[in-house]
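Okay, so here's the structure we're looking at.
Only the coordinates and a few stated rules stand behind these numbers; no lab work does. Model, not experiment: these values are computed from the prediction. FYI the Cβ positions are ideal-geometry reconstructions off the backbone, even for glycines, and counts take in every protein chain you see.
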Amino acid sequence: MDNANPLLIGVLGSGSGSNMQSIQDAIEAGTLNAKIVCVIADVPGAKILDRARRHGIPCDYLDPAPWKTKLEGPAEDRYIEYLQAHGAEVVVLAGFMRIVKPKLLAAFPNCVLNIHPALLPAFPGVAAWKQALDYGVKVAGVTVHFVDAGTDSGPIIVQRAVPVLDGDTPETLHARIQVEEHIAYPEALRLLAAGKLTLSGRRVSGSDSATKA
Ligand code: GRF
């Protein structure tokens with residue numbers, strides 16, 4: 001792979017960081033021309049920070065106060081400054097459990113991505129796999145999308161389907177969805193890094209090959 005001009009990624013997370021790990025693994029395997037330039041957690045001691053440290057990635061907990069569910073005001077400014085100071089050109093939300101607001105989106109136009117554990121637009125919001133199971137759908141899945149000002153509502157880049165089985169619990173279904181997440185996020189970033197994605201209104205073209213029906 002031509003490693004000139006890697007995609008410079010800043011990651012925001014709140015928890016385990018398995019998606020960040022899948023992206024870093026793809027980079028280290030030479031299948032994704034990118035570099036994670038920093039990781040920020042909004043939860044002190046989040047496991048995603050340990051993972052980042054293990055790979056020598058600059059990382060920090062940044063206090064998101066006073067809000068519980070969104071990133072706004074002085075905290076939002078601190079996050080933007082940190083991302084820019086580390087040279088991030090793309091912001092990857094990887095299990096980041098708060099809404100990002102227009103100021104951050106404007107600082108990285110069409111360059112903020114999120115992963116959601118459902119086939120959007122079904123089941124936006126929290127614990128989407130549990131929503132899907134409770135609803136009784138037969139096919140669940142995962143969506144990687146550009147972030148807009150709404151909740152889980154931005155243009156869709158990649159989707160991968162996951163069957164719901166009779167004996168599923170929320171935990172077993174989420175585990176099966178996460179296997180696909182770890183394929184979908186590196187794939188979406190690969191397409192972005194290669195300049196293959198075109199955005200026209202809500203429609204993203206160039207990602208057919210990455211989507212699993
Ligand atoms: C994933 O299921 C992701 O889809 C959701 O939060 C979870 C994060 O997992 N937004 P991890 O921290 O990447 O392991």
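Measuring r between the beta carbons of Asp166 and Ser205 and using R0 = 41 Å, the FRET efficiency lands at 0.65. Ranked for footprinting exposure by Cβ neighbours inside 10 Å, fewest first, Asp166, Asp42 give Asp166, Asp42. Amide H contacts of Cys59 (H built 1.01 Å from N, in plane; Pro and chain starts excluded): Val39 sit under 5 Å, all sequence-distant by 5 or more or on other chains. The local environment of Thr169, defined by Cβ-Cβ distances under 12 Å, has a net charge of -2 under the rule Lys, Arg +1 and Asp, Glu -1. Using Cα-Cα distances under 8 Å and only pairs 6 or more residues apart, what relative contact order does the chain have, in percent? Relative contact order of the chain: 18 percent. Packing, as the average of other Cβ atoms within 10 Å across residues, places the peptides 69-80, 118-129, 178-189 in the order 178-189, 118-129, 69-80, highest first. If you take the alpha carbon atoms of segment 134-179 and fit the smallest convex hull around them, that volume is 88 Å³ per residue.
Within 12 Å, Cβ to Cβ, of Leu119, how many net charges do the neighbouring residues add up to if Lys/Arg are +1 and Asp/Glu are -1? With Lys, Arg at +1 and Asp, Glu at -1, the net is +1.
Loop-located trypsin sites (Lys or Arg not before Pro) in segment 103-194 (DSSP state other than H, G, I, E, B) with a sparse environment of at most 12 neighbouring Cβ atoms within 10 Å: Lys138.
If only the Cβ of Lys and Arg carry +1 and only the Cβ of Asp and Glu carry -1, the dipole of segment 80-154 around its Cα centre is close to 160 debye. May I ask for log10 I(q)/I(0) of the chain at q = 0.11, 0.12, 0.16 Å⁻¹, from a Debye sum over the Cα atoms as equal point scatterers with solvent left out? So the normalised log intensities are -0.49, -0.59, -1.08.
Distances between placed amide hydrogens fall under 5 Å for Leu12 paired with Ile40, Val92, Leu93, Ala94, all partners being 5 or more residues away or on another chain. For the residue pairs Lys70/Lys138; Lys47/Lys196; Lys138/Lys212; Lys101/Lys196, alpha carbon separations beyond 25 Å are given by Lys70/Lys138; Lys47/Lys196; Lys101/Lys196. For Ile99, the residues whose amide H sits under 5 Å from its own are Lys70, Leu71, ignoring neighbours fewer than 5 places away on the same chain, with H placed 1.01 Å from N.
Can you check what the net charge comes to around His55, using other residues whose Cβ is under 14 Å from the Cβ of His55 (Lys, Arg +1; Asp, Glu -1)?
Its environment carries a net charge of +2.
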